[in-house]
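Worksheet: the structure to be examined is printed underneath.
Read-outs: derived from the displayed coordinates by stated rules, not from any lab. Keep in mind that this is a model prediction, so the values were computed, not measured. Glycine also receives a Cβ, built like all others from the backbone with ideal geometry; neighbour counts cover every protein chain displayed.
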Amino acid sequence: MDAAYLSAVSALAGSLIGSLSSLTASWLGNQIQFKTQERAAELHNRQQLFRDFIAEASKWYADAFEHDDPKVSNLVNLYTLVSRMRILASPTVVASADRVVRTIIQAYLSPNKSFRDVFQVLDNAAMDPMREFSDSCRVELDALRRAARLQD
C-alpha cells in the first residue's frame, strides 16, 4: 500500500475515533445529568407530598378537637394525599399515614376538647400522630439521599 494512502486512512481513522470518543463522553455526561435531575425531582415530589399531608392532617386533627360532627367531604384531600403516597412512598410511610387518618377519625368520634386538653395531648409524644409519620418520612428521604450519593 502506498504511504500516502496509509497516511490518509490513518488520519481518517484517528479523526473517527476522536469523534466517537467525544460523542460517547457527551452522551454519558447527559445520561448522568438526566438521572441526577430525575432523582432530585423524585425527592422534591415526595417532600412536597409529605409536607402537604402534614399540613392537611394537622388542620383536620385540630378541627377534630373542636368539633364532633365531621363532614366526610372535608377529609377527601387527606385521602387523596394518602392514595398518592401509595404510589410514591414506602409501605412504612403509607401505614403511618393511615394511622394518622384513623387517629383523626377517632378524635372526631371523641368528645370535644378544651385548650388545656389539647395542650396535654400534644405534650404527650405518644398522642402526637404526626411524630411517627414525620419520623417515617425522614427515614425514607434520608435513604433516598444516601442512594443518590452512592450512585453519583
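Can you compute 3J(HN,Hα) from phi for each residue in segment 37-50, using the Karplus curve 6.51 cos²θ - 1.76 cosθ + 1.60 with θ = phi - 60°, rounded to whole Hz and x for Gly and Pro?
Each residue's phi maps through the Karplus curve to give 5, 5, 5, 5, 5, 5, 5, 4, 4, 5, 4, 5, 4, 5 Hz.
Using Cα atoms only, what is the angle between the long axis of helix 76-88 and the major principal axis of the chain, expressed in degrees (0 to 90) to the nearest 10?
So the inclination is approximately 30 degrees.
Report the charge-dipole magnitude of segment 1-147 in Debye, nearest 20, computed about the Cα centre from +1 at each Lys and Arg Cβ and -1 at each Asp and Glu Cβ.
160
What order do you get for I32, I87 when you list them from fewest to most C-beta neighbours inside 10 Å?
Working: I32 12, I87 8.
Ascending number of Cβ neighbours within 10 Å: I87, I32.
For every helix of n ≥ 4 consecutive DSSP H residues, a contribution of -39,500 (n - 2.57) applies; sum these over the chain, divide by its total residues, and give [θ] at 222 nm rounded to the nearest 500 deg cm²/dmol. Show your work: numbers first, answer last.
Details: 5 runs with 128 residues, N = 152.
Computed ellipticity for the chain at 222 nm equals -30000 deg cm²/dmol.
Work out the charge dipole of the chain with +1 on the Cβ of Lys and Arg and -1 on the Cβ of Asp and Glu about the Cα centre, then indicate which of A8, Q106, S134 is farthest towards its positive end.
The residue sitting farthest along the positive end of the dipole is A8.
Taking the convex hull of the Cα atoms, report for segment 40-151 its projected area averaged over all directions, in nm².
It is 7.2 nm².
What is the distance in Å between the Cα centres of segment 129-152 and segment 44-69?
After rounding, the separation between the Cα centres reads 20 Å.
Counting other Cβ atoms within 10 Å of each Cβ, which trypsin sites (Lys or Arg not before Pro) in segment 1-88 have at most 11 and sit in a DSSP loop?
K71
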